[in-house]
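The values are calculated or read from the model by the stated rules, or taken from the named source; none is laboratory data. Values in this document were obtained by computation on a predicted structure and should not be read as measured data. Here the Cβ positions follow ideal geometry from the backbone for every residue, glycine too, while neighbour counts run over all protein chains shown.
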Amino acid sequence: MMHSVRSILALLILLVLAGCRQLGLGGATVADPPAAVELPLLAVWVSGEQAREAAVNSAGARAFLATLREHGVGEIVVQGKANDGTPLLGTPAGSEGQRALERLVAAGKTERVAVSLAWPVFLGTPAPGEELVEYVWIAERNAAVLRPYFPAMDEGPPRLNPAIASVRERELDHLRALATSGVGSLVLTHLDYPSLRVDFSTASRLRLESALGSTLRTWPEDVLTFEPDADGVVLPSRQPVWGAWTTERAETLRRFFFAAHQAVTQAALSANAPRPAVWAMGDGYYPLQYQRGLNWADPLAPVNIVLPDAPTGYAETGIGGLADGLVLDLPVPLASPREAMDAGLLWWSSVGGALDVARRVVPGRVTVRAALHVRAFAGTDDELDAQERETLRAAIETAARGGSPVLILDAAALDRWQAWDAVRP
């Protein structure tokens with residue numbers, strides 16, 4: 001779940017804009033924490049391509065994990081699909097990808113490195129007759145137009161539509177197969193929509209109309225329009241059905257996650273195999289996460305403290321009580337709330353602030369892990385200098401101090417910049 005420098009800059013702009021709104025997050029502390037903290041063993045993200053290359057045979061898998069262990073790695077989270085949605089590890093049955101994952105799992109037991117699998121659930125190419133998610137955009141003449149989501153144009157991977165039953169069932173079949181792969185955890189990624197402008201497909205309209213019990217008069221204008229402000233900046237404008245649309249979109253993802261957890265559990269039981277933990281990975285900035293649809297809070301949590309304008313029924317769409325763990329994607333390279341505020345951002349856009357918000361809305365029994373991007377800390381010059389290494393280290397320590405283990409994205413970046421010293425326990 002990698003972020004480009006451009007996408008991180010876009011997120012920073014969103015955070016600045018959000019700072020102009022009152023979000024009702026009273027009681028935040030911005031005091032800088034003490035420096036000393038004991039770090040646990042690392043968890044590191046590994047691309048499917050890198051893992052396949054390393055695990056071409058059993059000896060290669062063992063050597064790969066032994067090297068990581070020397071760097072202080074106690075767990076790897078391997079991406080199971082390529083960025084175009086092609087399965088790379090674990091499935092289909094009898095494939096080299098399945099054998100490669102088996103070698104990694106076996107090597108992990110020998111080298112004392114846990115192996116988990118990240119599975120991008122709604123990433124891939126639609127089958128004949130299935131819609132991709134669709135977009136609302138602003139044309140040059142300031143007219144809102146509805147068009148298909150184009151990965152190349154929209155700077156993202158091909159995204160499947162969660163509103164379509166056949167899409168959901170195909171992903172559940174993958175998860176049933178992976179349930180007996182021997183991995184310690186299955187981390188479901190891309191369990192969301194690309195942005196606020198998605199999804200306005202026919203399937204999603206029908207799903208929303210079914211929830212409303214009525215037919216929409218105009219689509220998507222009943223939900224959302226995009227209008228330029230006084231400075232010519234095009235901003236989304238909520239319309240009467242926006243609340244129901246936001247809630248139904250999140251509910252679609254909640255139902256899928258519940259079905260995924262059940263599917264993995266039942267498949268493991270049927271095979272008399274240990275059940276892997278089922279985690280979800282999502283946007284780590286809770287006051288912004290509604291834009292991508294996944295509500296990772298506990299349904300009983302007081303989310304109105306964080307989202308004072310949350311629509312009716314939105315709190316009940318949370319998956320926090322269903323997940324065995326949550327990975328919060330935190331690409332903004334700021335460690336403490338004070339650093340965020342000094343940069344003109346809201347305090348919760350920092351690693352420490354985002355995790356503080358998470359502790360308010362996620363049940364204590366659920367482990368929350370911070371995902372930090374090495375490339376984000378390198379900045380725009382594509383280098384990781386001494387100061388940037390210190391900032392990365394500070395972010396890891398901040399997360400650990402709050403009781404949150406860290407997932408570092410990714411092993412290739414650490415190798416490239418020889419930055420293992422910055423993250424080693």
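Tabulated values for the structure
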read-out: Number of the exception - A267 against (1) of a type in the set (G, A, S); (2) assigned to a helix (DSSP H, G or I); (3) crowded, with 21+ Cβ neighbours inside 10 Å; value: (3)
read-out: Hits in segment 53-105 - residues which are within 25 Å of the chain's Cα centre (by Cα) and β-branched (V, I, T); value: V73, I76, V77, V78, T86, T91, V105
read-out: In segment 369-393, the residues that are without any contact (Cβ under 8 Å) to a residue 60 or more places away in the chain, surrounded by 21 or more Cβ atoms within 10 Å (Cβ to Cβ) and under 13 Å from G352 (Cβ atoms); value: L372
read-out: Unique residue being farther than 20 Å from V121 by Cβ, crowded, with 19+ Cβ neighbours inside 10 Å, of a type in the set (V, I, T) and at pLDDT 95 or above when the list is V78, V56, V44; value: V44
read-out: Filter pass, D382 being at pLDDT 90 or above and not β-branched (V, I, T); value: no
read-out: Top-ranked residue of segment 127-155 - restricted to ones that are surrounded by 18 or more Cβ atoms within 10 Å (Cβ to Cβ) and either at pLDDT 85 or above or in a loop (DSSP other than H, G, I, E, B) (or both), ranked as farthest from the chain's Cα centre (by Cα); value: E131
read-out: Residue that is nearest to G129 (Cα to Cα), among those in segment 163-180 that are in a loop (DSSP other than H, G, I, E, B) and at pLDDT 95 or above; value: A179
read-out: Subset of segment 402-423 that is over 14 Å from G74 (Cα atoms) and hydrophobic (A, V, I, L, M, F, W, C) - its residue that is nearest to the chain's Cα centre (by Cα); value: L409
read-out: So A244, is it over 24 Å from L172 (Cα atoms), in contact (Cβ under 8 Å) with a residue 24 or more places away in the chain and assigned to a helix (DSSP H, G or I); value: yes
